[in-house]
Amino acid sequence: MLGLKLPTDPRWVKLVESNIEEILTDHAWCEQKAATNAISIITQNPDKTDLVDALLAVAREELEHFEQVHAIIKERGLTLGREQKDDYVGELYKFMQRGRDRHTSFVDRLLFAAMIEARSCERFRVLSQNIEDESLAQFYHDLMVSEANHYTLFIGFARKYGGAIDVDKRWQEWLDHEAEIIQRYGKKETVHG
């Protein structure tokens, strides 16, 4: 369904298990950034009522996920660390078409969001199937479903509002680019690292 070209090596989970505090902190901030991204898209496209309604729900859900991750951090006697730069997302951001025209930038912003949700969904699936901690396995399974829904929503809006843009062709370009990028990741105990 996601179309990702390079799956995450399940051995990445061993890195995650070696530093649960790091993955939880990184995950919390990923949720916050996802909420901020949804609000930013709303701010730039207030005339699209269906998009506004859907992304308000996404922003609320992402903040709820932040709250859930923060609760897990506290339950385990850990501390929410500072936000760190997400190099994977930074590399994807550079691929986004900006400055050509507002419509193209808007559609590419939706595809950028869909790509992040797709990879997050895939990572959460790998965690849910391979992590030894049963409560975290269930937690990541539940979040995998949510991320899949967000991916579907963003790509659906890109197709709806694509107009003359060949959204499926552009999505394939995103998938190809992401496959090149992700080869350099999976070596740190972060969601995209």
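The values are calculated or read from the model by the stated rules, or taken from the named source; none is laboratory data. The model shown is predicted, which means the values in this text are computed figures rather than measured ones. Positions of Cβ are backbone-derived with ideal geometry, glycine not excepted, and every protein chain shown enters the neighbour counts.
Can you confirm whether residue 107 is among the aliphatic types (A, V, I, L, M) and closer than 22 Å to residue 185 by Cβ? Answer is no for this residue. For residue 9, the requirement of being surrounded by fewer than 14 Cβ atoms within 10 Å (Cβ to Cβ), outside any helix (DSSP H, G or I) and modelled with pLDDT of 95 or more is not met.
Total residues in the range 132-161 satisfying the condition of being buried (at least 22 other Cβ atoms within 10 Å of the Cβ) and not in a helix (DSSP H, G or I): the figure is 0. With respect to the conditions (1) touching a helix residue (DSSP H, G or I) at 6+ places or on another chain (Cβ under 7 Å); (2) touching a residue at least 12 places away in the same chain (Cβ under 8 Å), residue 29 falls short on a single one, namely (1). Checked against the criterion of being part of a helix (DSSP H, G or I), of a type in the set (Lys, Arg) and without any contact (Cβ under 8 Å) to a residue 24 or more places away in the chain, the candidates 125, 109, 119 yield just one match: 125.
Scanning the range 160-177 for residues that are under 16 Å from residue 55 (Cβ atoms) and among the basic types (Lys, Arg) yields one hit, 160. Listed by first and then second residue, the pairs with beta-carbon distance under 9 Å, at least 6 apart or on different chains, first residue in the range 69-91 and more than 21 Å from residue 144 (Cβ to Cβ), second outside any helix (DSSP H, G or I) and hydroxyl-bearing (Ser, Thr, Tyr), are 84/190; 87/185. When residue 45 is tested against (1) of a type outside the set (D, E, K, R); (2) at pLDDT below 95; (3) within 17 Å of residue 112 (Cα to Cα), just one condition goes unmet, and that condition is (2). Consider residue 164 against the criteria (1) assigned to a loop (DSSP other than H, G, I, E, B); (2) closer than 26 Å to residue 18 by Cβ: it satisfies all of them except one. Which criterion is unmet? (2) is the only condition that residue 164 fails.
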